[in-house]
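A short write-up of the structure that comes next.
The values are calculated or read from the model by the stated rules, or taken from the named source; none is laboratory data. This one's a predicted model, so the numbers in the text were calculated from it and none came from an experiment. Glycine also receives a Cβ, built like all others from the backbone with ideal geometry; neighbour counts cover every protein chain displayed.
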Amino acid sequence: MAETTTELRKTALNAVHRAAKSKMVDFGGWDMPVDCCGLIAEHMAVRTAVGVFDVSHMGDIQLRGPGSLAAVQHLCMNDASKLAVGQAHYSAMLYPNGTFVDDVIVHKLSDNDYLIVINAGTREKDVQWVRKQIGHMPGVHVNDFSDYYTQLAIQGPRAAETLQKLTSTDLSTIKNYWFTWGQVCGLYNVMIARTGYTGEDGFEIYIPSDEPTSARVWGEVLEAGAEFGILACGLGSRNTLRLEAGMALYGHEISDTINVLEAGLGRYAKLDKPEFVGRAALLEVQAAGGPGRKLVGLEMMERGIGRDGYTVFSLDGARLGEITSGSPSPFLKKNIAMAYVPADYTALDTEVAVEIRGQMVKAKVVPLPFYKRPKKSS
Amino acid sequence: MAYPADYRYTKEHEWIKVDGNIGTIGITDYAQNSLGDIVFVDLPKVGDAVEASKSFGSVESVKAVSDLFAPVSGKVTAINEDLKDAPEKINSDANTTWLLKVELSDAKQVDGLLTAADYEKFTSEETGH
């Protein structure tokens, strides 16, 4: 509850969150709701019904022009040449040493037009990085569109039914990690993407960032989801949901000191692409037999909650590494964590100890993700 | 937010209700609200000594860990066993969901604690409202 001296940045929904008495927190310089309706209730709403998040703090960089694909290919580790118009994928921008500038979602808007959705806390750094890396490339124009959109994430097994009430676009035709444009709440050309950060089915919509429009759409989403028990959700449940789903968070599982192969995200790094920033370093790590440490999932075996920054030890007392994210899991009702440990300690069921406030508490290595949503027949 | 007038309070957000030589201790409604969903409470054992202003345990929500500070010195005579399986009771009613009872070693310590009015003023300053 420290007093803040610098002005926090606000999304267009800030007044709405404050009026709803959501608990606010400084997240990467943004005044964001962390707890709207109770973290566990929000978490369970998303796992079993639907929840809505204001994620307007996320940034958006657009690359346009005939050179845009070449620019994306240079900047990002995944292979954007495989994307069709209307398709998106998980990717990352890397430093030459193979560590993370940021993880991103690349959307192919058209043949000469890509939208890269970036993290809030890294916005300025990312934009500068992009300009520095591709400023010399011909035929590509960089636009920072971060403030143009209010981005809402509607997530959960009833997300499609909720959003369908507000749009004439047939949402069943949008596959996971695809997007389209449609009319939403009377607004034309709204980007509707079947993406999210919760491990559930869901959509992210990009609407104009003026306050009245943002507040109106937020309200209409809540109203549309009311019959399913929709809850407004904050960053607290967003974090526990993504943790259960084993998804990385910048500054935790991924950072400028952690490389892609350590983070277990090698499947998104297309080393068969001729070139991208960081590729050579990853090839070296691979040639050396893989990374020395790796990200694992841990489940506490004894009473205690391993949290971010807590140290992980071997049972004979050797320091192995640190927990990057740890929390009680509201859905699984276990205490779970992700941590970096030496490659020798990554086998499933390996027992380790987490130092929790001076006490050694046993944990074991479990598969990631902790939670996978049930497959739907439809 | 209601803070019972017959309780005394600490700046670390514990309350104590004194009855004769026994003090019943809990955390305030402000504390439970700041913490959010409480999932874990770590308490001393019956017979342990607690010391005024020193940590005697912790309370954890999904998001955070918070130390518990003893309002007074004394010997633990009872702990609330219900909290082991249902720590969320603190969220539903912080004013009556007690953590532990202590036999006071110095009843005068209670006089140094905040009154309900003082505490309410203190929390309103802390949130800046």
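Numerical summary
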{"quantity": "Answer residue from the range A:326-373, given it is farther than 20 Å from A:Met247 by Cβ and in contact with a Ser or Thr (Cβ under 8 Å, 6 or more places away or on another chain) and is farthest from the other protein chains (Cβ to nearest Cβ) among those", "calculated": "A:Tyr345"}
{"quantity": "Scan of the range A:33-48 for residues that are at the interface with chain B (Cβ under 7 Å from one of its Cβ atoms) and either buried (at least 24 other Cβ atoms within 10 Å of the Cβ) or of a type in the set (Ser, Thr, Tyr) (or both), ordered by number", "calculated": "A:Asp35, A:Leu39"}
{"quantity": "Failed criterion for A:Asn189 (all others in (1) among the polar types (S, T, N, Q); (2) modelled with pLDDT of 95 or more; (3) at negative phi hold)", "calculated": "(3)"}
{"quantity": "Within the range A:1-93, strands (runs of 3 or more DSSP E) holding 2 or more residues that are over 30 Å from A:His136 (Cα atoms)", "calculated": "A:23-27, A:30-35, A:51-54"}
{"quantity": "A:Gly278 vs. criteria within 14 Å of chain B (Cβ to nearest Cβ) and in contact with a Ser or Thr (Cβ under 9 Å, 6 or more places away or on another chain)", "calculated": "no"}
{"quantity": "Residue match in the range B:31-40 (condition: more than 11 Å from chain A (Cβ to nearest Cβ), more than 13 Å from the chain's Cα centre (by Cα), free of Cβ contacts under 8 Å to residues at least 60 places away in the same chain and closer than 23 Å to B:Leu114 by Cβ)", "calculated": "no"}
{"quantity": "Scope the range B:4-26; condition assigned to a loop (DSSP other than H, G, I, E, B) and away from chain A (no Cβ under 14 Å); matching residues", "calculated": "B:Pro4, B:Ala5, B:Asp6, B:Tyr7, B:Thr10, B:Gly20, B:Asn21"}
{"quantity": "Considering residues of the range A:294-324 that are of a type in the set (Gly, Ala, Ser) and away from chain B (no Cβ under 12 Å) only, the residue surrounded by the fewest Cβ atoms within 10 Å (Cβ to Cβ)", "calculated": "A:Gly317"}
{"quantity": "Tabulated pairs, the range B:55-71, first facing chain A (nearest Cβ under 10 Å), second surrounded by 15 or more Cβ atoms within 10 Å (Cβ to Cβ) and among the basic types (Lys, Arg), C-beta under 9 angstrom, 6+ apart or interchain", "calculated": "B:Glu60/A:Arg307; B:Ala64/A:Arg307; B:Val65/A:Arg307"}
